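Below is one structure, written out as structure tokens; comments come after it.
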Amino acid sequence: MISFILFFVTTALGSSDIKFLLLTSEFTSKELNNNLDSNIHEFSEYVQVSLKLDDPVIIIPLRVSLSELPWTLPEALFEKSIQIILDATNNVFYSEFLSENSFEKNFLHIVLSRPQNKLSEEVFMPNTLYTEPSSGQQAQILHSLILNFGWKNLGIIHDLDENNIQIASEFRSLIKTPQIIHSELILDSKFSITEINARIKSTIGFSQSRVIIIITSSSLAELILTVINKGFMGGPGFTWILSNGAMMNLNEILKNSNSQKNDDELRVIKTGILGIQIEDAVFMSQNPLYEYLAMLCICASGYMIDEYPTGTSLMSYITENPYINILPYQLYFDDNGVRVSKYHLLNMQNFVMIEIGSWGTQSYELQMNENVQILWPGMRYEIPSDEIISLPLVFLYPSDDFSESTVKNGFNFAISEINTLQILGNNKLEGQFIQTQDNLNIVSGVIKQIKTKYPIGLIGPWGNEAAMSYANSINNMTNPIPLVSYQASDYTLNNTSKYPYFIRTIQSDSLQSSIIAAYLQKNNWQKTAVIYTSDNIGEGQYINFLDNLKTYDISIENDEKYRKIVYKLDEQGNVMSETITSLKESLMEIVRKQLKIIIYFGGDTLTPYLAREADKKELRGEEFIWIGGFWITENTLSVINTTFSEDSNSIFRVLNGAIALGLRPALGTIGENFISNYLKSYNQEPSQWSILVYDTVYLYAYSIKRMIDAGEDYTNGTSLLQYIRSSDFTGATGSLSFSEGRNDRTLIGYSILNLQNGQLIRITQYDPINQFSNDNITVLYGYHTTTRPDDTWGTVYNCPFPEIMSNLSGEGFGIIAGISSGLFILTLLLSIFYYRSLQHEDMNQLSKKTKKSWKDTLVQLTIAVEFFQFLAIAPYFKSLQMVIEVISNMFMFDFMKITQADKKYYWDLLSGICALCYVWFVLMILTIIKGENWVKKLPVCKKAIEFMNSYFLPFFGNTMFLPALALLLDAFVCDHQALGSSYVWRDCYMTCWGTDHIKYVIISGFAIFLYEPLAVICRPIWQLAKTDLHIKTRTLFLLLKTCLQIFLISLGKILQGSYPLAHGIIFSLFILVFAGATYKYRAFNYPRCDLWQISSLIAVAYLSILATISMSADQKNIGWFIGLALGWVVIVAVTFYLQHKYFPVVLYSHDNDKNGGKVFSIHMMEKIAINEKDKDNKNPKVPQEVCVIPIAANVENINQNKAHENNPSEENEANPI
């Protein structure tokens, strides 16, 4: 570069004779000495060539010893006739000596490589020039910059460099009120970075200095900026201005020394500092001898104008600042001979020095570049105030719509109030907003945006997943800052190890279950159903609820595997079908267990779906109560009325009357003042969230204030978070403190809300001290009732659903009515046909004393058995239900009802009855076709066949007729339904007409088809057999009784479950009619049997009438039992009286007769056939029937004759067993 300049000078200038004396001393730096020694001859040659002089340019170097006193002018000045002295001795006092002598001897004295030193009281001299700008000029430039922005609170940092000390001194002398230098720090470049940090913190940090001027070398400036970059002074609120020396290549130095650091670590190091720099400073630093060459050229140009110049003439010429076109940078001097330079105002932005203004050489007025904006510390474009430090506090909000809510207003209101009250003294909070857009994919971008704002902390975001994502991102920052949430309540966020920089002013979701448990205990609800979602909200509340069960007397009755709802959302945030399926299974378990107190742990997203499915499962109404945490909110109601508008009626059928939790309202004087002032400011009521935001901002303010008072660095995120965690103050939401070792706020309580007519009403509040407040607000439960439901049902209902869910099934009612009616009509037709086939029936009354056989006793017992069988199908009489049902069911052989066995065993009982029907039918067919003779040939089967004919066939065909048909018809009774599906009356766990049910319907229907017609016809015939039975039953009575039994069974299946009152009336009426018919037609040939038969029917009718009447009153009242007992006592007493007075004993006991008879013996069938043949011969007009059974009308006479032959004194007719 020097060679180029010399060449350029040589070719541009003409010749001139000039001599220079170059003086150095022991104070001249070694580096400068070396440069001069190596370039002195080159200088001379280049100057001579450039000036085109005939005589050579002579530059005479001379090293003087300043230690030798007294000083004298070098003799070379006189011997060589030298006019110009180049002073590089770097000694103020020697320079003053030269200045004085130059003035006297008319030399030109040029001081190089140092500025004028006013600290040593160096003065201007007429013939002396200074090639370095003066310290006073830099001081003036810095001062004009301060005046331009109106800053007042100043601080100075400088090193021990003499020139920098001088700049600092002169700058200090320019400061006048109201400007104040609050702190001044002198640093040595030898100090370690730790020592520098301590000195800056103890002086600048604790002062009111907000604008700090750094007047040091660039290397020391780099250390200073590195120190302040980590603390609060590296952010907004502080302004850093650097001198020309400090700015020398500073951007490159900082960039290289911080190349390994993350962007979020580089605050003021990277962007924000201001600095002044001489226009040619960089060039001069790259060409340290440029000022020597420039002065040679300027002096040479002076020689060209004046052939014989003097020191004075050259001084005059140079101070006129001639333009030398061969110089890349001009050197300008003021009238005093001091070099003046053009200064630039630079702003470092991303390690690049941007020129934003400048000062001219003759003026100290700053000219700003209007096309460039200054980027201040903290990435701000606003001019920082030096009186108040702005502390950025960033509020993360999800969307523009959300920003219009009261939450953002609550944030602004708190900041305004804090700054107005000057809680932070000379500091103020500055609210900033960043939109998260509810999009987790842009978290990294938002974090980058956060870093550019250098906030002291963050508030938000909205949403649990967002909070987790941002908390994780903050953990990865080099300088993490606190993230305080007012809304994210997920219980997993309480983990300080996983989320060390997260904390929240809202209570954790898990605390909600504690309040719910307390509310259950308060209402004495012990048996509960619990369902929860598989997300963090549901699982957190459920786990905490289980912990509370150890304290409270509460049990969870639904099975564990049905409590969890698999919670999944698609990309659009809609509930997936898998979740709905899981939800249905959980609700069905509640239905099966018949639970009334239902607790839901989960968020409000699932609430509409949950309520819609619960309505389908009929888990609603005055008997049910739904309880949850934040599962019903104003937002939930809005979604139901819009997105779920078509299902809103069914959803609200479930939700109206439900209990939910909400945030507590503003509390105490602080809360009341907040609401009042907020209303005045925004003309609207604050939301619960805005109250929490308000307290969150105050949490930051109080924590920062405590740090300021303690002299702590509040921009250190870790330290600030520690102060936040130790906070304990009362805000608008109550006491605000935090749990030890957790990110959670301590419990402050909740509002207990009741959904009434689609509106959330606060019915009470809970706080840890007073627990539930008494607000005297009426709670409306399901269907607007004020009666609090119990946790259990009044009676045990052994079904997979509550009894109230059961209702009449029109389809099922029609089916059983049709089947029953058809069966009755068939029975009636068969009875009429059979009765018409009888010619006559003679029954001789027992009037003589006769030995009573065991079979006569069985006939008498049959009356008692049928009495209880009638009671079993009579209307329910709840006052005597237990006793009556057990005894009656014994005689109905309904072992399931007797033992209260599981309903599923009915199908085993039904299968057994069907099997007996099939066996009975086969044996009857074998008997009719005389097939028993073939079977008897087998020795093993002979006795078995005789037993079957003698006992099984008459017993199952007659005594078992009523219970068998009742059990067979039960398989068809589907007259009730629950949850939209019909169920079998005998087994409500069996769904009607399903695959399993159809199998039993087929076998039962086939059994009825085989058994009932044949049994109806055969019931009167067995007593015609050869036997020692004396008590006979009238055939008409048997047929009427059969029809009545079929009718009453059908009546019960049709009406008893659906219309009990109608069933009672009809049943009573027909029993009375049948009792009258029995009295009129005399059922037996033994009057005593008639008496007891009629009495038993009257007793059944009396019970039926009482049961029917009791349906309109309290059926469990003991009075009904007393009335029944008295009535039966009267009936029994009257019967015994009549028997004793009017019906003497005819049958008397005797030894058991071993002679037995078969109902359908082959011999009997032969007699019947012979008799029928004779009758046909006598009555040819009577058609012969195919079946032998109906034509047995005259068998009675045959049997009677045979009986007289065997025992003329006894009549051997008998009633069925």
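The values are calculated or read from the model by the stated rules, or taken from the named source; none is laboratory data. Small disclaimer: the values here were computed from a predicted structure and weren't measured. FYI the Cβ positions are ideal-geometry reconstructions off the backbone, even for glycines, and counts take in every protein chain you see. Accessible surface is based on the protein model in full, side chains and every heavy atom, while ligands, DNA and RNA are left aside. Shrake-Rupley method; radii C 1.70, N 1.55, O 1.52, S 1.80 Å.
Brief remarks follow.
- Just one residue in the set S773, S821, S809 is closer than 30 Å to A660 by Cα and either touching a strand residue (DSSP E or B) at 6+ places or on another chain (Cβ under 7 Å) or open to solvent by 50 Å² or more (accessible area, probe 1.4 Å) (or both); that residue is S773.
- Exclusive hit being on the phi > 0 side of the Ramachandran plot and in contact with an Asp or Glu (Cβ under 8 Å, 6 or more places away or on another chain), set S81, S113, S95: S113
- Those residues of segment 1-34 which are at pLDDT 50 or above, open to solvent by 40 Å² or more (accessible area, probe 1.4 Å) and under 29 Å from Y323 (Cα atoms), in sequence order: D17, K19
- Filtering segment 893-940 to residues that are surrounded by fewer than 16 Cβ atoms within 10 Å (Cβ to Cβ), under 24 Å from L1010 (Cα atoms) and modelled with pLDDT under 80 leaves F895, I929, K930, G931, N933, W934, V935.
- Qualifying position, being at pLDDT 80 or above, within 60 Å of the chain's Cα centre (by Cα) and over 21 Å from Y1102 (Cβ atoms), among I1031, I1046, I1065, I1008: I1008
- Condition met for R725 (under 27 Å from the mean Cα position of the chain (by Cα), buried (at least 18 other Cβ atoms within 10 Å of the Cβ) and not polar (S, T, N, Q)): yes
- Single residue of E252, E320, E307, E265 found to be open to solvent by 10 Å² or more (accessible area, probe 1.4 Å), within 18 Å of L345 (Cα to Cα) and not polar (S, T, N, Q): E252
- Within segment 679-701, the residues that satisfy the criterion of being closer than 12 Å to A732 by Cα, of a type outside the set (D, E), in contact (Cβ under 8 Å) with a residue 40 or more places away in the chain and not in a loop (DSSP other than H, G, I, E, B) are W689, S690, I691, L692, V693, Y694, T696, V697, Y698, L699.
- Every residue from segment 394-427 that is at pLDDT 90 or above and over 21 Å from S687 (Cα atoms): N419, T420, L421, Q422, I423, L424
- Meets criteria (at pLDDT below 80, within 30 Å of I1054 (Cα to Cα) and open to solvent by less than 20 Å² (accessible area, probe 1.4 Å)) for P963: no
- For E622, the conditions (1) farther than 22 Å from F545 by Cβ; (2) open to solvent by less than 50 Å² (accessible area, probe 1.4 Å) all hold with the exception of (2).
- Filter result for S120 (assigned to a loop (DSSP other than H, G, I, E, B) and surrounded by fewer than 17 Cβ atoms within 10 Å (Cβ to Cβ)): yes
- Screening S555 against (1) buried (at least 16 other Cβ atoms within 10 Å of the Cβ); (2) under 24 Å from E803 (Cα atoms); (3) out of contact with any Asp or Glu (no Cβ under 8 Å at 6 or more places or on another chain) leaves a single unmet condition, (1).
- Qualifying position, being over 60 Å from the mean Cα position of the chain (by Cα), part of a loop (DSSP other than H, G, I, E, B), modelled with pLDDT under 90 and surrounded by fewer than 21 Cβ atoms within 10 Å (Cβ to Cβ), among P70, P56: P56
- Search result, residues across segment 125-143 that are part of a helix (DSSP H, G or I) and either surrounded by 20 or more Cβ atoms within 10 Å (Cβ to Cβ) or within 60 Å of the chain's Cα centre (by Cα) (or both): S135, Q137, Q138, A139, I141, L142, H143
- Residue that is open to solvent by 20 Å² or more (accessible area, probe 1.4 Å) and in the same structural domain as Y454 (by the TED database), where the choices are D767, D695, D790, D709: D709
- For segment 402-415, the condition of being part of a strand (DSSP E or B), touching a Lys or Arg at 6+ places or on another chain (Cβ under 9 Å) and buried (at least 19 other Cβ atoms within 10 Å of the Cβ) holds for none of the residues.
- Residue within segment 176-194 that is open to solvent by less than 10 Å² (accessible area, probe 1.4 Å), part of a helix (DSSP H, G or I) and not assigned by the TED database to the domain that holds R114 present: no
- Scanning segment 464-476 for residues that are open to solvent by less than 20 Å² (accessible area, probe 1.4 Å) and part of a loop (DSSP other than H, G, I, E, B) yields a count of 0.
- Selection status of I110, assigned to a strand (DSSP E or B), in contact with a Leu (Cβ under 9 Å, 6 or more places away or on another chain) and surrounded by fewer than 20 Cβ atoms within 10 Å (Cβ to Cβ): no
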